[in-house]
1. I'm trying to understand the selection: among the residues of the stretch 14-46, which are within 14 Å of the chain's Cα centre (by Cα) and farther than 15 Å from Phe112 by Cβ?
2. Starting from the stretch 20-32, keep only residues that are at pLDDT 85 or above, then list their pairs with residues that are hydroxyl-bearing (Ser, Thr, Tyr) whose Cβ atoms are within a distance under 8 Å, requiring at least 6 positions of separation or different chains.
3. Mind checking which residues of the stretch 43-71 are closer than 22 Å to Asp11 by Cα and not in a strand (DSSP E or B)?
4. Going through Gly79, Gly37 one at a time, which residue ends up being in a loop (DSSP other than H, G, I, E, B), at pLDDT below 95 and not aliphatic (A, V, I, L, M)?
5. Output the number of the condition that Leu48 fails; it satisfies all remaining conditions of (1) at pLDDT below 95; (2) farther than 18 Å from Arg130 by Cα; (3) crowded, with 16+ Cβ neighbours inside 10 Å.
Amino acid sequence: MKLIDFIVCDDVRIEMGNKLSIMGVYNDTLTLASPSGSDLPWPLALRLGIYSRFILSGNDQAPDHFRLTIRHETNEIAGGEGILMIQDPTKPFALALPLPQLAIPGPGYLHFQIALSKGATVLFDQEIDRPFGINRP
């Protein structure tokens, strides 16, 4: 199994006609603006969306469950899991995850880890190799 895309954005929306809208795509750093001369109020509430795509190859089994973990530096600040229903295992499949507001404790890095499993067997477990930095201007 291979991770094709992992996009961090402001929001992911599922539209009619089996389409997705991905808004406010971030590169590797999110810079938060504050009024001139003032500090940001930590913890800061931040809403994000995650869009990821995978492809199976060879004899890979199709996963039926996912788990996403989000850490700020070394502390887990959010996580979620759910069921996957892959219609056609010969085609790429996607996870579109609009997340609830995260409480970001301060400047630093967010790390994302995604695991896919079938039953109790973990088929894929990867920390995204680009930390997502949060900085002040």
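1. Hits for the stretch 14-46 are Ile22, Met23, Gly24.
2. Short answer, once both residue conditions are applied: Leu20/Tyr51; Ile22/Tyr51.
3. If the condition is that a residue be closer than 22 Å to Asp11 by Cα and not in a strand (DSSP E or B), then Pro43, Arg47, Leu48 are the ones that fit.
4. Working: Gly79 fails: in a loop (DSSP other than H, G, I, E, B).
Of the residues listed, the single one that is in a loop (DSSP other than H, G, I, E, B), at pLDDT below 95 and not aliphatic (A, V, I, L, M) is Gly37.
5. (2)
For every residue, the table says whether it meets (1) exposed (fewer than 14 other Cβ atoms within 10 Å of the Cβ); (2) over 12 Å from the mean Cα position of the chain (by Cα); (3) touching a residue at least 60 places away in the same chain (Cβ under 8 Å).
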| position | (1), (2), (3) |
| --- | --- |
| Phe93 | no, yes, no |
| Leu97 | no, no, yes |
| Gln101 | yes, yes, no |
| Ile104 | no, yes, yes |
| Gly108 | no, yes, no |
| Phe112 | no, no, yes |
| Gly119 | yes, yes, no |
| Phe124 | no, yes, yes |
| Phe132 | no, no, yes |
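The values are calculated or read from the model by the stated rules, or taken from the named source; none is laboratory data. Computed from a predicted model, the values in this text were never measured in an experiment. Note: ideal-geometry Cβ built from the backbone for every residue, glycine included; neighbour counts use all protein chains shown.
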